[in-house]
1. Mind listing which trypsin sites (Lys or Arg not before Pro) in the range 53-93 are in a DSSP loop and have 15 or fewer other Cβ atoms within 10 Å?
2. Report the net charge of residues surrounding Trp143, where surrounding means a beta-carbon distance below 12 angstrom and charges are Lys +1, Arg +1, Asp -1, Glu -1.
3. Say we join alpha carbon atoms closer than 10 Å with springs in a Gaussian network model of the chain; which of Tyr371, Tyr240, Tyr281 then has the biggest fluctuation?
4. Most fluctuating residue of Pro159, Pro148, Pro351 in a GNM of the chain with Cα springs under 10 Å: which is it?
5. When the scattering of the range 43-282 is computed by the Debye formula from its Cα atoms alone, each counted once and equally, what is log10 I(q)/I(0) at q = 0.07, 0.10, 0.13, 0.17 Å⁻¹?
6. Assuming R0 = 41 Å, can you tell me the calculated FRET efficiency for the pair Arg50 and Asp183, based on Cβ-Cβ distance, to the nearest 0.05?
7. Treating the beta-carbon of each Lys and Arg as +1 and of each Asp and Glu as -1, no other charges, what is the dipole magnitude of the chain about its Cα centre, to the nearest 20 debye?
8. Find the lysine pairs in the chain meeting two conditions, Cα atoms under 22 Å apart and a separation of 8 or more places or different chains, and report how many there are.
Amino acid sequence: MIPNLDPHPLRAQFPALGRTVGPYPAVFLDGPGGTQSPTRVIDAMAGYLRRGSSNHGGPFLTSREADATAEAARQAMRDLLNARRPEEIVFGQNMTSLTFSLSRAIAQTWQPGDEIIVTRIDHDANISPWLRAAEDRGVAVRWLDFDPTDCTLALDALPGLLTERTRLVAINYASNAVGTISDVARVVALAHGVGALTYVDAVHYAPHDVIDVQALDCDFLACSVYKFFGPHTGVLYGKYEWLDRLNAYKVRPAADEPPGKWETGTQSYESLSGVTAAVDYLADLGGADGPRRERLVRGMAAIKAYEAELSEHFLRGATGVPGLRVYGITDVESLARRTPTFAIALAGHAPEDVAAWLGERGFFVWHGHYYAIAVMERLGTLDRGGLVRVGFVHYNTIEEIDRLLAALRQLAG
Ligand SMILES: Cc1ncc(COP(=O)(O)O)c(C=O)c1O
């Protein structure tokens, strides 16, 4: 059974949510850019530093604790992603750095004349690393488009792009610009049909729904813990066989086996303490019964159900704001196919001005392209300052949406 999610008691766990901007309570609508952390994450990170930090691999107390911290975080991420084994979890600075690093290693297996596929709905962190790797190796790049009317991927075109020379498909799980969730399992099945690897960007998806890498059967999947209530740490899942087989760019003393061979330099152990705490926070939303993976599945289902209510409330209210255009899926019957992340435009107002006007009144929203450059280009908004982005997560409330809509109505005049 999916537990009910009441944001009000949960909000008390997030100290930052209590902030004000002058007379206005702060309204954090910038979750797609980075979420706030509950006290348990903050305490876990401070606690690690307070107890004494160390590097890994030493035969003394604090070093053993650093090793245990990394091991616990790996188990936590294994549960969150449903990886087969903890060695399939690699930590790094952020998703972008991990992707650049892995793309260079994968590209070593490519030959001139090979092909890869990237999409126009992706954040640039799942495009540029592949473009650069393709350029290095003389590999052709094919683009999978999306339908600009509802911002859904043109998946029917994918079979026509795949050939026996396709080596990799880089695919977005959910768009950080327009919120569309893509059918990653279908993409993976099609890509595997021609023997191509799949690299999934789940950075935006992770705070909104459960991830199951075994069900997706993807070869790689990346996410970033600061997007799901934890610290600034990137996470890369890779099927063990690939992490083992590929030649990592690493220093000689580093481990030869996964995950160590992929973890360049010293990890942020204080952040890894926070990773475990963030995953445990999400698991607790699913109640106290059963193993952590089961609790996570229930907790994420509770988040998804609650966020659908937020999306519906926003979409219905948005129709009452004169001149407001919402990009992406707006059909309230199709909310399972989107996250509560909305790119919007207000007629007669530059995105930058809207964000600044809202910011003065306590609403934290992004404007511009948020690195989803290909999306903005395709929508024809890149040269016009992009779009305003309003992103809800489970700590946002219906009351906050009502206040936002009232503010937008006031600005629209
Ligand atoms: C969908 C998506 N992919 C990738 C990234 C890059 O993640 P990171 O900041 O961890 O490099 C972001 C960051 O906003 C994102 O939203």
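1. Within the range 53-93, the qualifying trypsin sites (Lys or Arg not before Pro) (loop, at most 15 other Cβ atoms within 10 Å) are Arg84.
2. Residues close to Trp143 contribute a combined charge of -1.
3. For the chain, modelled as a Gaussian network with Cα springs under 10 Å, the answer is Tyr371.
4. For the chain, modelled as a Gaussian network with Cα springs under 10 Å, the answer is Pro159.
5. Each listed q corresponds, in turn, to -0.23, -0.46, -0.76, -1.23.
6. 0.35
7. Approximately 540 debye in magnitude.
8. For the chain, the number of qualifying lysine pairs is 4.
The values are calculated or read from the model by the stated rules, or taken from the named source; none is laboratory data. Nothing here was measured: the structure is a model prediction, and the numbers come from that model. Virtual Cβ from ideal backbone geometry, glycine too; neighbours counted across all protein chains shown. Calculation scope for accessible area: heavy atoms of the full protein, side chains included, ligands and nucleic acids excluded. Shrake-Rupley method; radii C 1.70, N 1.55, O 1.52, S 1.80 Å.
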